[in-house]
Amino acid sequence: MKSRVVERFKFEAAHAVIIDGRPEEIHGHTFWLEVAVEGPLRDGYVIDFLQLRAIVEEVINKLDHRNLNALFENPTTENIALWIAREVEKRLPEGVKLHRLRLWEGEENGVEFEF
């Protein structure tokens with residue numbers, strides 16, 4: 001049996017997505033992130049909430065209050081979400097896997113990846 005643990009986060013950042021070779025105007029968002037990990041129950045839990053929170057916060061602190069164009073060639077929400085996923089996956093303990101990652105750009109626009 002697999003179980004999932006879900007945590008939500010938020011961070012603030014600015015970006016100018018490149019569309020048809022031209023960057024749009026730089027603008028900021030409150031990004032909302034949801035991370036779901038799964039694995040077997042060990043001693044009654046998959047991963048401690050605080051441990052998962054520390055892992056994800058280590059990653060998103062690199063993005064918080066930053067101009068994302070300085071970090072990504074094209075900082076689309078998809079590219080940002082995939083980068084977060086790769087960074088989180090590297091830090092998860094053995095036996096715990098990333099199941100789903102959702103990144104919302106503001107309250108209305110978001111992307112979702114399942115792994």
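Pick from Arg91, Arg42, Arg66 the residue whose mean-square fluctuation is largest in a GNM of the chain, springs joining Cα atoms under 10 Å.
Arg42
With r defined as the distance between the Cβ atoms of Leu50 and Ala16 and R0 fixed at 35 Å, what FRET efficiency is calculated, to the nearest 0.05?
0.50
Sum -39500 (n - 2.57) across every DSSP H segment of at least 4 residues in the chain, then divide by the residue count to get the 222 nm mean residue ellipticity, nearest 500.
So the calculated ellipticity at 222 nm is -7500 deg cm²/dmol.
With a 1.4 Å probe and every protein chain left in place, tell me how much accessible area His27 has, in Å² to the nearest 10.
Around 60 Å² of this residue is reachable by solvent.
Round to a whole number: what % of the accessible area of the chain belongs to carbon and sulfur, probe 1.4 Å?
Ligands and nucleic acids excluded, carbon and sulfur reach 47 percent.
Assigning unit charges at the beta carbon (Lys, Arg +1; Asp, Glu -1) and nothing else, what dipole magnitude in debye, to the nearest 20, does the chain show about its Cα centre?
Roughly 440 debye, rounded to the nearest 20.
So what is the relative contact order for the chain, in percent, with contacts set as C-alpha pairs under 8 Å and at least six apart?
Relative contact order here is 33 percent.
For the chain, what is the accessible area per residue in Å² when the probe is 1.4 Å?
61
Just name one of Leu41, Ala54, Ala13: the one whose Cα is farthest towards the positive end of the charge dipole of segment 1-76 (beta-carbon charges, Lys/Arg +1, Asp/Glu -1).
Projecting each Cα onto the dipole axis, the largest value belongs to Leu41.
Could you work out how much longer the chain between Ala36 and Lys2 gets when fully extended? Use 0.36 nm per residue separation minus the Cα distance between them, nm to one decimal.
This chain segment gains 11.0 nm when fully extended.
What distance in nm separates the two pseudo spin-label positions at Leu82 and Asp43, each 7 Å out from Cα along the beta-carbon direction?
Modelled inter-label distance: 3.7 nm.
Once the other residues with Cβ under 14 Å from the Cβ of Ala36 are scored (Lys, Arg +1; Asp, Glu -1), what is the net sum?
Neighbour charge sum, excluding Ala36 itself: +1.
Could you please report the charge total around His15, scoring K, R as +1 and D, E as -1 over all other residues with beta-carbon less than 10 angstrom from its beta-carbon?
Residues near His15 contribute -1 overall.
Taking 0.36 nm per residue of sequence separation and subtracting the Cα-Cα distance, how much length would be gained by fully extending the chain between Glu114 and Asn61, in nm to one decimal?
Contour length minus Cα-Cα distance gives 16.8 nm.
Just how much of Lys2 is accessible, in Å², when a 1.4 Å probe is used and the result is rounded to the nearest 10?
Answer for Lys2: close to 150 Å² accessible.
The values are calculated or read from the model by the stated rules, or taken from the named source; none is laboratory data. Just so it is clear, the structure is predicted and the values come from calculations on it, not from any experiment. Every residue, glycine among them, receives a Cβ derived from its backbone with ideal geometry; neighbour counts consider all protein chains shown. Surface accessibility is based on the protein's heavy atoms, side chains included, excluding ligands, DNA and RNA. Shrake-Rupley method; radii C 1.70, N 1.55, O 1.52, S 1.80 Å.
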